[in-house]
1. Just to be sure I understand, how many residues within the range 374-415 are assigned to a helix (DSSP H, G or I) and small (Gly, Ala, Ser)?
2. Return the total of residues in the range 7-31 being surrounded by fewer than 20 Cβ atoms within 10 Å (Cβ to Cβ), of a type outside the set (A, V, I, L, M) and in contact (Cβ under 8 Å) with a residue 60 or more places away in the chain.
3. Hey, could you check the range 426-475 for residues that are in a helix (DSSP H, G or I) and of a type in the set (Val, Ile, Thr) and say which is farthest from Ser13 (Cα to Cα)?
4. Restricted to the range 1-41, and to residues that are among the aromatic types (Phe, Trp, Tyr) and assigned to a loop (DSSP other than H, G, I, E, B), which residue is farthest from Asp204 (Cα to Cα)?
5. Could you tell me whether the range 305-325 includes any residue that is among the charged types (D, E, K, R) and either surrounded by 16 or more Cβ atoms within 10 Å (Cβ to Cβ) or touching a Phe, Trp or Tyr at 6+ places or on another chain (Cβ under 7 Å) (or both)?
6. What are the pairs, 6+ residues apart or on separate chains, where a residue within the range 393-410 that is under 18 Å from Glu380 (Cβ atoms) has its Cβ under 6 Å from a residue that is among the basic types (Lys, Arg) and part of a helix (DSSP H, G or I)?
7. Give just the number: which of (1) over 30 Å from Val243 (Cβ atoms); (2) surrounded by fewer than 19 Cβ atoms within 10 Å (Cβ to Cβ) does Met80 not satisfy?
8. I'd like the residue in the range 180-212 that is outside the structural domain of Thr110 (by TED's automatic domain parsing) and among the polar types (S, T, N, Q) and, out of all such residues, is surrounded by the fewest Cβ atoms within 10 Å (Cβ to Cβ).
Amino acid sequence: MNSYKNPLEERYSSAEMLFNFSPNNKFRTWRQLWINLAEIQKDLGLAISQEQIDELKAHQDDIDYEKAAAYEKKFRHDVMAHVHTYGDAAPLAKGIIHLGATSAFVGDNTDLIQIRDGLKLIRKQLVGVIKGLSDFAREYKDLPTLGFTHYQPAQLTTVGKRATLWLQSLVLDFEELEFFLETLRFRGVKGTTGTAASFLELFDGDYTKVKHLDTELSRRFGFEKVFGVSGQTYDRKIDAKVVALLSNIAQSAHKFSNDLRLLQNLKELEEPFEKNQIGSSAMAYKRNPMRSERIGALAKFVMSLSTSSAMVASTQWFERTLDDSANKRLTIPQAFLAVDAILLIWNNILNGIVVYENRISKHIMEELPFMATEYIIMEEVKAGGDRQEIHEVIRQHSMEASKKVKEQGKENDLLERILNDASLKLDKSKLMEVLDPKNFIGFAPIQTEEFLDNEVQPILDKYANEIGGNSDLKV
């Protein structure tokens, strides 16, 4: 307990995402790249024996990390440290490990594999959130609630329709994620400055063999697309783009968490609160929205990381400069781990979110009389009244009712005032019928159903096998 521990590892992120960016996954992938490089080179006629290949495979997973650390301290070079460590374990193959390659061959290609696999994990979590919000929206598509603009009461919407606004943001994020995965390219085999000069020598100037090496290795690691050109590294715009994507997901999550916190203050919606959970060390009655607040905290962190990757991409020099390395080690994994945690929490909230319908109805009835004044004026005019005179009568009643609510803390009595005003000729029974909240929600239920059916359900159908993951929190 005497050294710093990353909270993303200890408190927040899933085991799957932690493994994706773990040393074991990283350095075993390095060895897989070296094995496949050697195999393809052998197939293309280089003097590499099957015995050497077999020895590399036999020691693919038994990495001596202490020896690698000692070599790195000696060489000040992480890739060469692992080349020598692997060579010590497989002495017959020592001379052909990393043949013709540069450090970016293992470093960059592994980064791209981790980005791809990390996004697939994020996609699974996103599908879970989309499913949870979709179910919630469909269940409450008809339940009227106060709309808010400027956080002031506005025309009614429904609880389900509001949930589609959270969903709309996620659908946009999901579409961006899908496009990113579809267009993601592998670095492949490009040499030290992207010219493949070392492989020109190895294959006696046969460019078709170099191209085959490039595309075949990429295919083996599951990439249909390969960068046609590169410097020593893949374009760092990839890092900027993926962190921007993760930032967008974080923004959507933060919007949801802010709305839920406001609604929890109004006691309309509430995130799960467990039997033994403590809201405050001092105030025993508190039911603080700690999950939503945690989403907000992590989301701010992810959003801040997007500027870091953008600065790295914009300041790379010519074919390669190393001032990206330490930044990438921090930014890329932590952005993924934080968004993974955000989505875990979001799924956890949706699994136990509570709706207080009576409280929602109470808030509606406190404001609905004001919203009904336009209807009252129109009905009075149709009954033969003067629009301007009626407007003034309604305005005075509204001001008095508002004054009682704000200054005296009393209930809104606007309807009672109007019903008791003998100068008004509208049908009192008809007025009470009209003041059903469902008459003020417009097409919200239909809009909700159409959006869920046309835009959300295709996503859920396509990834039905990814629905239902674990959403338990560590703390």
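1. Result for the range 374-415: 3.
2. Number of matching residues: 7.
3. Val434
4. Tyr4
5. Among the residues of the range 305-325, at least one is among the charged types (D, E, K, R) and either surrounded by 16 or more Cβ atoms within 10 Å (Cβ to Cβ) or touching a Phe, Trp or Tyr at 6+ places or on another chain (Cβ under 7 Å) (or both), which makes the answer yes.
6. Qualifying pairs under 6 Å: His397/Arg417.
7. (1)
8. My answer is Thr208.
The values are calculated or read from the model by the stated rules, or taken from the named source; none is laboratory data. On a predicted model such as this, the values are computed, not experimentally measured, just so you know. Backbone-built Cβ (ideal geometry, glycine too); neighbour counts: all protein chains shown.
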